[in-house]
Each structure stands twice: as structure tokens, then as C-alpha cells.
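Beneath this line is the structure, given in C-alpha cells, with notes to follow.
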Amino acid sequence: MLIQPCGPKIRLSSTETPPFFKELMLNKTNPTERDKAMLTATVEHSANTTAGETPLTDGFHLVIDALKANDIDTIFGLVGIPITDLARLAQAEGMRFIGFRHEQHAGNAAAIAGYMTQKPGICLTVSAPGFLNGLTALANATTNCFPMILISGSSEREIVDLQQGDYEEMDQLNAAKPYAKASYRINKAEDIAIGVARAIRAAVSGRPGGVYLDLPAQLLGQSIPALKGKESLFRVIDAAPKQIPAADTVMRAIDVLKSAKRPLILLGKGAAYAQADQEIKDLVEKSGIPYLPMSMAKGLLPDTHPQCASAARSFVLSEADTVMLIGARLNWLLAHGKGKTWGNHLKKFIQIDIAPTEIDSNVPIAAPVIGDVGSCVNELLKQIASVPKPSPEWLSAIKEKTDKNIAKMEETLSKNPSPMNFHSALRVIRDVVKANPEVNIVNEGANTLDYARSIVNMYKPRKRFDSGTWGIMGIGMGYAIGAAVVSKQPVIAIEGDSAFGFSGMELETICRYNLPIITVVFNNNGVYRGTDVNPTGGPDVAPTVFVKNARYDKMMEAFGGVGFNATTPQELMDALNQSLTSGKPTVINAVIDETAGTESGRLTNLNPASTATKK
Ligand code: ADP
Ligand code: TPW
């Protein structure tokens with residue numbers, strides 16, 4: 001048998017049929033050809049370790065060995081033909097296999113694990129439908145620049161390619177291509193190590209993204225001499241090499257900063273991903289430039305930092321004359337760098353990014369600095385002393401605006417309406433996070449997302465995970481599970497009731513692995529709110545409306561977790577504190593005024609309005 005680079009081995013005696021195959025055969029009155037083939041392969045795998053014969057290894061083992069050789073210790077997935085034994089083997093070989101109820105959530109867990117660790121998160125699925133369920137997560141990872149690898153088993157190539165109607169037939173490789181940073185198929189066992197290495201490198205180098213790796217069923221059963229297999233294994237060297245920016249680009253950026261009257265730094269999730277926390281802190285503090293964190297960059301510096309301009313966001317975006325983007329794109333989340341949001345002043349942009357094609361994507365960039373955030377910020381730091389500090393007028397104008405807006409928000413937050421609204425419930429979560437800054441936050445919904453982003457301060461980097469670049473619903477439980485597994489610290493998932501529904505079945509997964517995840521469902525009886533009516537007076541409720549007064553906490557109790565129904569801020573606070581102390585899987589059904597939400601939260605203007613009916 002193959003010598004493993006690390007981890008315990010399952011040893012199969014030459015005469016013994018492995019227990020899971022025994023079970024497979026016993027439970028089947030009519031085992032398929034593939035079942036028989038797998039059994040044969042495994043028995044041979046062990047039988048051939050007897051004296052005098054060439055020891056063999058197989059595709060199953062080589063996939064696991066190749067992942068382990070690259071320090072990948074966790075797989076998020078969902079089993080079935082042809083990857084069940086791959087999952088079993090991963091577990092038997094000391095990896096963690098976290099099994100989900102739907103592949104999309106396994107994929108989301110993998111993606112967020114990749115974002116948190118800079119190692120690609122792995123999602124394992126079955127063919128066609130399982131693959132497609134995972135594909136949404138893969139596309140979302142690519143869109144958000146998270147490194148992940150979707151590994152899917154696939155059906156018999158020759159049948160798929162002739163479209164002869166195989167079980168779960170699909171040309172997965174081509175289906176994945178438009179949504180992945182790279183897509184590969186491995187056809188030969190001796191290529192497994194290279195295939196895995198290519199996937200890892202593609203996921204994490206340059207701009208990170210989602211990679212698809214297609215493993216045909218026949219590959220897994222293929223055997224090759226164990227020695228040959230062992231020799232094929234290797235560890236990827238420097239998978240995400242540093243990219244040092246050219247010196248002239250750094251000097252150009254410094255010159256632009258020198259000419260700035262009202263400079264602003266914008267930190268994006270690329271900056272958080274880079275794990276250059278100290279360098280970024282130094283650049284912000286040594287330059288004295290006010291900064292704005294994008295939602296997932298919150299906590300890179302504490303949101304309470306004196307240079308944080310979040311509370312004066314509209315003001316600084318419209319008034320700044322020079323903006324230095326660090327790992328942030330000028331996409332819809334930043335109004336494409338133009339229009340009303342950005343005011344009437346001509347802006348100069350400096351953009352630090354690892355992807356050269358990002359530059360000038362929406363507006364001309366005066367000073368592109370291409371490289372990894374850590375290296376770019378380091379180079380800028382060497383020159384930053386030559387840049388004059390921002391004018392006291394600019395800083396005091398921001399402070400005045402910040403103080404005013406914070407005072408206004410405090411007034412709103414201090415109210416105690418009954419039922420609770422978004423503000424009174426989020427005030428509680430804000431206070432709990434302040435007291436427990438190590439807590440991870442997952443956040444999705446419309447109003448629930450928009451309000452939580454501005455109300456709940458973050459204090460540590462890479463602790464906030466949300467709907468991100470797509471504004472996607474459904475990341476909730478997947479991200480929460482990924483974050484809990486990777487960080488081994490509590491997670492509070494702040495979920496709109498609609499948002500929660502997309503991944504709610506993963507509560508069972510959370511209970512099964514006993515993860516310290518507290519899901520707070522902001523229950524306002526519908527999508528955005530619960531008050532719409534069917535204008536026809538018919539029996540169907542309006543498209544945005546759910547069952548009234550649903551008890552999401554009861555869902556959790558069905559799986560042995562803890563449920564709370566919170567109707568007041570005090571009840572919510574008590575439930576949160578109790579859950580953080582117990583560490584038990586928990587759902588808090590937070591009853592929110594059903595009239596409280598607005599259509600699409602802060603994105604109302606993105607809903608198309610008819611020009612025919614417009615007055
Ligand atoms: P946000 O949504 O927070 O504004 P985006 O996802 O739009 O952030 O932008 C992240 C940017 O960061 C992408 O353009 C990506 O290429 C870039 N990026 C990701 N990792 C790095 C890195 N290590 N160094 C430099 N740029 C990076
Ligand atoms: C995959 C469209 C955006 S926000 C939202 C939907 C359905 C839910 C808003 O209601 P919720 O929050 O969660 O109750 P709240 O606080 O306003 O009450 N499908 C996908 N992604 C998106 N973005 C949608 C649909 C959407």
C-alpha cells in the first residue's frame with residue numbers, strides 16, 4: 001500500500017473485504033457493475049500487498065494523498081455515487097469530512113474557509129445535479145475572489161460524450177468553465193497529484209477564485225504501482241507567490257497622494273484576504289488618511305478607530321478628491337466610481353490590486369499599483385513619510401459629520417419599540433459583539449444586511465462574512481459552518497427570515513457537528529416585510545409574504561439544538577449571552593415588526609420602474 005505523507009492509515013488485510021464494501025454488497029440484492037468493480041479494486045489494492053507482488057494504490061488514495069500533501073485537512077461535501085468511498089477514505093485517513101444536506105452550502109462553507117485561510121476550501125459533490133448544486137457556490141466564490149476547489153465525481157466519459165444517457169450524465173467540465181477561474185479534468189491516476197496541484201495554484205495565485213476539478217468515476221478505481229503513486233505526490237511550492245509592485249508605480253501613487261487635498265483610503269475584502277493587517281494599520285496610521293472599510297473589510301482595523309469614516313460614508317465619498325482603493329473593486333457596491341455618490345469633484349484614484357485587468361474597469365485610474373496587498377502596502381510605507389498629512393479642515397469636517405451621524409444613530413438605537421424593529425434588535429447584537437470581539441458574524445437579508453452592516457461594529461479582521469459581491473441570499477448556514485469549523489470560535493448568523501430559508505436545513509448539520517453557531521432569524525413575516533396584500537383578494541398571499549408568526553426556533557429543537565423566541569431586546573440579549581456561554585447550536589427567533597422593512601433594503605432604486613407608467 002502507498003506510503004502516506006502524513007496521517008493515520010486504514011490497513012486492509014490481504015484476505016479481508018473492507019467493512020464498508022462488505023456492507024455495500026450485503027445491502028444490495030443486486031449490486032451494480034460499478035459496485036463490483038470497486039470491491040474488486042479495493043480487494044486487489046490490499047491483496048497485492050502480499051509478498052512478491054507489486055503493491056498497488058488507486059485513484060481514491062491518490063486524491064486524498066495529494067490533498068493531504070498540501071496541508072488540506074477538511075472536505076465539505078455531500079456523498080453519493082461515485083464519491084462516497086472517497087469521503088469515507090478521507091475520514092479514515094485523518095481528514096475532517098463535514099457532510100451537508102445540500103451541496104450549495106458545502107460549497108459556501110469551502111469558499112469561506114478559503115477566504116479565511118488563504119488555502120483553497122474543498123467541496124466534494126456527486127455528478128450532474130450535485131455538481132450543479134455546488135456550481136452556484138463555485139461561481140459565487142469566483143465572483144468574490146475566494147479560493148475554493150469544487151471536486152465533483154463524473155459519469156463514464158465515453159457515455160457522456162456520446163450522450164448515451166448515463167446515470168447523472170453531464171458534461172460538467174464545460175458547464176463549469178464560465179463560472180470558474182479554471183477547470184480541469186484528471187483522467188489518469190498518475191496525473192492526480194499534478195491535477196490537484198494545478199487546481200490549488202489556480203485557486204490561490206493572483207486573484208483568488210473558484211476552480212473546478214472533474215474526477216471521472218473510473219479514475220477513482222484506477223490502480224497504479226504504489227511506488228509510482230508515491231513518487232507522483234508533491235507539495236506545491238509557493239502557490240501564491242508574492243507580487244512586488246514596480247517601483248515607478250509606487251512612486252506614481254505617492255505623487256498622487258502628495259497632491260491630494262482630501263484623501264481617502266478604501267479597504268476592500270481583498271485587503272482583508274491578504275492578511276497584511278499590520279502593514280495596513282501602519283499605512284493608515286502613518287498617513288493619517290481617513291478610511292472606509294467595505295463590509296467584509298470591517299474589523300481589519302477596529303470600526304471604532306478614530307480614522308474610520310464609516311459614519312460619514314456619503315460625505316467622504318462625495319467630498320474626497322483622491323481615493324486609494326486597497327483590494328476593492330469599483331463595482332456596483334461603490335456606484336462604479338461615478339455619479340451622484342461620488343459628488344461633483346473630479347476624483348483621482350489610486351488602485352492597489354493583484355489583477356491588472358481590474359484597472360480602468362469603470363473609471364480611469366490615475367495610479368494603478370499592481371501586486372499583492374502586503375507587498376504594495378509595504379512599498380508605499382517606505383515612502384509614506386514624504387506625503388503631507390491630510391489637512392485639519394478635511395479631518396475636522398469628517399469628524400463633525402461622524403459625530404453628528406453617530407449621535408443620530410444612538411438616538412434611534414436607544415428606542416425600544418414593541419414589537420422590536422431592526423435597530424433595537426441590532427443594538428443588542430452590537431453590544432454582544434463588543435463584549436465578545438472574537439465572535440464571527442455571518443450576515444444576509446435585505447434590511448437585516450444593510451442595518452447590521454452599519455450598526456454592528458467589528459473589531460478583528462476576517463470576522464464578517466456576508467452576501468458580498470453578488471448580494472446573494474443563501475450563504476448563511478454554509479458560511480457559518482465554514483467559519484465555525486475553521487476558526488473554532490462562535491458564530492452569530494444575523495439572518496433575514498427569507499435569507500435564512502435558503503439554507504435552513506443545514507441546522508441539522510450544525511447540530512450533527514455540535515457547532516457553536518447562534519442563528520438569529522429577523523422574523524418580520526416575509527421578504528423585506530410581511531405586510532403586502534394580494535390585490536385580487538384571492539386566497540394566495542402576496543409574493544413577499546410568509547406564514548405569519550412562524551417559530552424558526554422550533555426547527556432547531558427538532559434536531560436537538562436550543563431554540564429561543566425573543567420578543568424584546570432583553571430577551572434577545574439573555575438568549576445570546578446564554579448561547580455564547582453554552583456554545584450549543586442555537587436558533588433565536590427574533591420577532592421583528594412586520595412593517596419595519598423597506599423594499600430591497602437600501603437597493604430600492606435597483607428595482608426597474610416602468611417608464612410607461614412613470615409620471
Ligand atoms: P469589496 O467587495 O470588499 O469592495 P472586492 O471583492 O470588490 O472587494 O475586491 C477585491 C479585490 O481585491 C479584487 O479586485 C481582487 O483582485 C483583489 N485582491 C484579492 N486578493 C488580493 C491580494 N492578495 N492582493 C491584492 N489584491 C487582491
Ligand atoms: C439567490 C433576492 C434579495 S434580499 C432577499 C431576497 C429574496 C430577502 C430579503 O428578505 P429577508 O430580509 O431575508 O427576510 P429583510 O431583512 O429585508 O426582511 N435569490 C438569491 N439572491 C437574492 N439576492 C435574491 C433571491 C433577494
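We did not get these values from a lab; they are worked out from the coordinates using the rules stated. Worth saying up front: this structure is predicted, and the values here are computed from it rather than measured. Counting neighbours? That spans all protein chains shown, and the Cβs are built from the backbone with ideal geometry, glycine included.
Among Ile149, Ala612, Phe76, flag the residue with its Cα farthest along the positive direction of the charge dipole of the chain, charges on Cβ as +1 for Lys/Arg and -1 for Asp/Glu.
With unit charges placed on the Cβ atoms, the residue in question is Ala612.
Note down the Stokes-Einstein diffusion coefficient of region 112-236 in µm²/s, whole number, using a Kirkwood radius over alpha carbon pairs, 37 °C, and 0.692 mPa s.
Here the translational diffusion coefficient equals 223 µm²/s.
With no solvent and one point per C-alpha, what does the Debye sum give as log10 I(q)/I(0) for region 240-397 at q = 0.12, 0.14, 0.18 Å⁻¹?
Once normalised to I(0) and log-transformed, intensities are -0.43, -0.61, -1.08.
What per residue convex hull volume, in Å³, do the alpha-carbon atoms of region 208-321 yield?
Details: hull volume 20.6 nm³, N = 114.
Per-residue hull volume (Cα only) is 181 Å³.
Any idea what the dipole of the chain comes to, in debye rounded to 20, about its Cα centre with Lys/Arg Cβ at +1 and Asp/Glu Cβ at -1? Kindly include the intermediate steps, with their values, before the conclusion.
Values: 62 positive and 62 negative charges, 366 e Å.
Taking the Cα centre of the chain as origin, the dipole is about 1760 debye.
If you take the charge dipole of region 192-276 about its Cα centre, with +1 on Lys and Arg Cβ and -1 on Asp and Glu Cβ, which of Tyr273, Val211, Ile192 is farthest toward its positive end?
About the Cα centre, the residue reaching furthest to the positive side is Tyr273.
Can you give the alpha-carbon Rg of region 93-149 over 2.2 N^0.38 Å, where N counts its residues?
1.05
Using only the alpha-carbon atoms, how far is helix 277-287 inclined from the longest principal axis of the chain? Give it as 0 to 90 degrees, nearest 10.
The helix 277-287 is inclined about 20 degrees to the chain.
Relative contact order, percent, of the chain when contacts are C-alpha pairs under 8 Å separated by at least 6 residues?
Once normalised by length, the contact order is 11 percent.
How far, in nm, would the chain grow between Ala558 and Asn344 when pulled straight, counting 0.36 nm per residue and subtracting the alpha carbon separation? Don't skip to the answer; put the middle values down first.
Values: separation 214, 0.36 × 214 = 77.04 nm, distance 5.61 nm.
So the extension gain works out to 71.4 nm.
Based on the alpha-carbon gyration tensor of region 471-615 and its eigenvalue square roots a ≥ b ≥ c, which shape applies: rounded if a/c is under 1.5, prolate if not and a/b is larger than b/c, or oblate?
Prolate is the answer for region 471-615, as a/c is 1.5 or above and a/b outweighs b/c.
Which one, Ala596, Val126, Val284, is farthest towards the positive end of the dipole of the chain when Lys and Arg carry +1 and Asp and Glu -1 on their Cβ?
Val284
From Cα pairs below 8 angstrom and at least 6 apart in sequence, can you work out the relative contact order of region 173-226, rounded to a whole percent?
44
Would you work out the charge dipole size for region 368-446 about its Cα centre, treating the Cβ of every Lys and Arg as +1 and the Cβ of every Asp and Glu as -1, and quote it to the nearest 20 debye?
For region 368-446, the charge dipole is close to 240 debye.
What is the P(r) of region 54-116, as percent of Cα-Cα pairs per 10 Å bin from 0?
21, 51, 24, 4, 0
Find the eigenvalues of the gyration tensor of the Cα atoms of region 515-572, then list the square roots of 5 times those eigenvalues as equivalent ellipsoid semi-axes, largest first, in whole angstrom.
Equivalent ellipsoid semi-axes, largest first: 28, 13, 9 Å.
Using 22 Å as the Cα-Cα cut-off, could you pick out the over-long pairs in Lys119/Lys242; Lys258/Lys460; Lys269/Lys382; Lys261/Lys460?
Flagged as over cut-off: Lys258/Lys460; Lys269/Lys382; Lys261/Lys460.
Please report the relative contact order for region 353-469, taking Cα pairs under 8 Å with a sequence separation of at least 6, and give it as a percent rounded to a whole number.
So the answer I get is 17 percent.
Calculate the radius of gyration of the Cα atoms of region 339-454 to one decimal place, then report Dmax, the largest Cα-Cα distance, as a whole number, both in Å.
So, for region 339-454, Rg and Dmax equal 19.8, 55 Å respectively.
Can you give the FRET efficiency for Gln163 and Lys415, using 1/(1 + (r/R0)^6), R0 = 56 Å, r = Cβ-Cβ distance, to the nearest 0.05? The partial results should precede the final answer.
Values: r = 63 Å, r/R0 = 1.12.
According to the calculation, E is roughly 0.35.
Please report Rg over Rh for the chain, where both radii come from the alpha carbon positions and Rh follows the Kirkwood definition.
Dividing the radius of gyration by the Kirkwood radius yields 1.01.
Would you please name the trypsin sites (Lys or Arg not before Pro) within region 242-312 that are DSSP coil residues with at most 10 other C-beta atoms within 10 Å of their C-beta? Provide the component values of the computation, followed by the final result.
Working: sites: Lys242, Arg252, Lys258, Lys261, Lys269, Lys281, Lys286, Lys298; in loops: Lys242, Lys261, Lys298.
Sparse-neighbourhood loop trypsin sites (Lys or Arg not before Pro): Lys242.
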